[in-house]
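Okay, so here's the structure we're looking at.
The values are calculated or read from the model by the stated rules, or taken from the named source; none is laboratory data. What you see is a predicted model; the values in this text were computed from it and never measured. Note: ideal-geometry Cβ built from the backbone for every residue, glycine included; neighbour counts use all protein chains shown. Accessible surface areas use protein heavy atoms only, side chains included; no ligands, DNA or RNA. Shrake-Rupley method; radii C 1.70, N 1.55, O 1.52, S 1.80 Å.
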Amino acid sequence: MDNDCFSLLKGVLNQFAIYGEFEFAETFGSGHINNTYRSRWNQAGIRVRYTHQRINERVFVRPDEVMENIERVTRHIMGKLIREGAADRSRRVLSVVPSRAGKPWVRDAQGDWWRTYLFIEGTHTLEVAKSPRDARFLGKSIGRFQKYLADLGEPRLHETIPDFHNMEKRYSRFYDALAKDSCNRVKDAAAEIAFMRENEGRGSILIRALKDGSIPERICHNDTKMNNILIDDDPETGGNSPVSCVVDLDTVMPGTSLFDVGDLIRTVTTRAEEDERDLSKVEFDIDIFGALLDGYLSEAAQFLSPEENALIAESGRNITHIMGLRFLTDYLEGDHYYHTTRAGHNLDRCRNQIALIRSMDRQWEMIGELTRIICEQSRTNILPHNTPSARS
Ligand code: ADP
Ligand code: GN1
Ligand code: MG
């Protein structure tokens, strides 16, 4: 962090209601959207850390609405945790730290918006799932998150990015970028452009099902990639329920549960990172997929409809397709949206997503069959005669 950045950050931190003496601050995390920092304070002899984020205003044009959503969602989840008597609650949900003026955000000298959370200690994130156990845990975390928010009630959450997963809108932006070719990059992405053209038809399955009412609107996270789930470093400390905390709540808003399952499938089922250039490593792993789904459905089977179950397998392919298209569009437009660290980074990411779709296509029958079996098993597990109280 350079000196200018540090003094700007110090000015911001002083506006939050944080006690004690400031010790240091550093950049943190590997998200593609916001700028994340971590600071440490001495509070009467105890060292406490905080997370600070500059909200990306090009992506979130109404940061005040983002924060209103986040306050509601985190309070609601905390209420659920209190009722459940969960241990270690402030490690299971984000805690928003208010400004000295009592707001959930502050604005810096340049007008940028900032927020602060308690830094959740003793957790880590994964960039690739190492085992079916990891996958089951990640799936369960998102199933539980959706379950907690199912009864959030009125008013409807703000749509912080309208049409976020609307494939039809994503395609029209892609075609605009193609037509403009503002960076003269179309020539370098011929195969990827051809893939997107050829597969446009199957891209709109989820959004159409949501629009025609065959699947219900639900509150969902909309950005459930693996590194948005904090995992306890020591799973034993949480007892029967190891700590996990879903972060990056900017896009929590109405959508379909399938957007979240789909993004989990996209990021968890391959052992290759999202920007891996060696495409031979980008393989869909059916065992990881099975464990992920099993974990997710252990929480979500109780509220999912048969129509949602029937689209689970498709959701993984669909969200991977959307991300491939978005990376390609950003590449063609000049890399304005996602953080990039090398030339062609977004094109690499797009190629990677296409490779994953192809790997899913090759295993499609098996994916469908396994999904049907796991859905059926999970449904049976939640039938009344299988509940512990009915058995005892
Ligand atoms: P982005 O929108 O840029 O992806 P995130 O909100 O996901 O930003 O934050 C970036 C990373 O910072 C996360 O992937 C996670 O590793 C870490 N992180 C965010 N909030 C916290 C927190 N309160 N405690 C610990 N780590 C956090
Ligand atoms: C972004 O914020 P981050 O890095 O967790 C993006 C997601 C993409 C993801 C791809 C608000 O997520 O939609 O799936 O990158 N978030 C937003 O890695 O656009
Ligand atoms: Mg993130």
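For the stretch 3-121, the percent of C-alpha pairs falling in each 10 Å distance bin, counted from 0 to the bin holding the largest distance, reads 13, 43, 35, 9, 1. Only one residue of 161, 172, 16 has its Cα farthest out toward the positive end of the dipole of the chain, where Lys and Arg carry +1 and Asp and Glu -1 on Cβ, and that residue is 16. Using the Cβ-Cβ distance between residue 343 and residue 180 with R0 = 22 Å, the FRET efficiency computed as 1/(1 + (r/R0)^6) comes to roughly 0.65. Modelled spin labels at residue 19 and residue 46, positioned 7 Å past Cα toward Cβ, are 0.9 nm from each other.
In this structure, residue 281 and residue 369 have a Cβ-Cβ separation that, at R0 = 22 Å, corresponds to a calculated FRET efficiency of about 0.30.
The trypsin sites (Lys or Arg not before Pro) of the stretch 122-224 meeting both criteria, a DSSP state outside H, G, I, E and B (loop) and at most 15 other C-beta atoms within 10 angstrom of the site's C-beta, are 130, 156.
Centre-to-centre, using Cα atoms only, the stretch 223-266 and the stretch 71-136 are separated by 11 Å.
Computing FRET efficiency as 1/(1 + (r/R0)^6) for residue 271 and residue 71, where r is the C-beta to C-beta distance and R0 is 35 Å, gives about 0.40.
For the stretch 132-379, lysine pairs separated by 8 or more sequence positions, or belonging to different chains, with Cα-Cα distances below 20 Å total 5.
The figure for residue 24 is an accessible area of roughly 70 square angstrom, using a 1.4 Å probe on the protein chains alone. Less than 12 Å Cβ to Cβ from residue 52, Lys/Arg counted +1 and Asp/Glu -1: what total charge do the surrounding residues give? Result for the neighbourhood of residue 52: +3. If you take all other residues with their beta carbon under 11 Å from the beta carbon of residue 185, and give Lys and Arg +1 and Asp and Glu -1, the sum is -4. Here the gap between residue 30 and residue 358, fully extended at 0.36 nm per residue and compared with their Cα-Cα distance, gives a gain of 115.4 nm. Here the gap between residue 200 and residue 5, fully extended at 0.36 nm per residue and compared with their Cα-Cα distance, gives a gain of 65.9 nm. When the accessible area of the chain is computed with all protein chains present and a 1.4 Å probe, what percentage of it is carbon and sulfur? Exposed carbon and sulfur together represent 50 percent of the surface. Figure note: 9, 152 ranked by solvent-accessible area, largest first, 1.4 Å probe, ligands and nucleic acids not counted: 152, 9.
Taking the solvent-accessible surface of protein heavy atoms with a 1.4 Å probe, what is the per residue accessible area of the chain in Å²? Each residue of the chain exposes 45 Å² on average to a 1.4 Å probe.
Counting charges near residue 128 (Lys, Arg +1; Asp, Glu -1) among other residues having Cβ under 11 Å from its Cβ returns a value of -3.
Taken over the chain, the convex hull of the Cα atoms encloses 157 Å³ per residue. By a 1.4 Å probe calculation restricted to protein chains, residue 207 has an accessible surface near 20 Å², given to the nearest 10. Here's the picture: a label point sits 7 Å out from the Cα of residue 95 along the beta-carbon direction, and within the stretch 42-75 the residues with their amide nitrogen under 19 Å of it are 42-53, 70-75.
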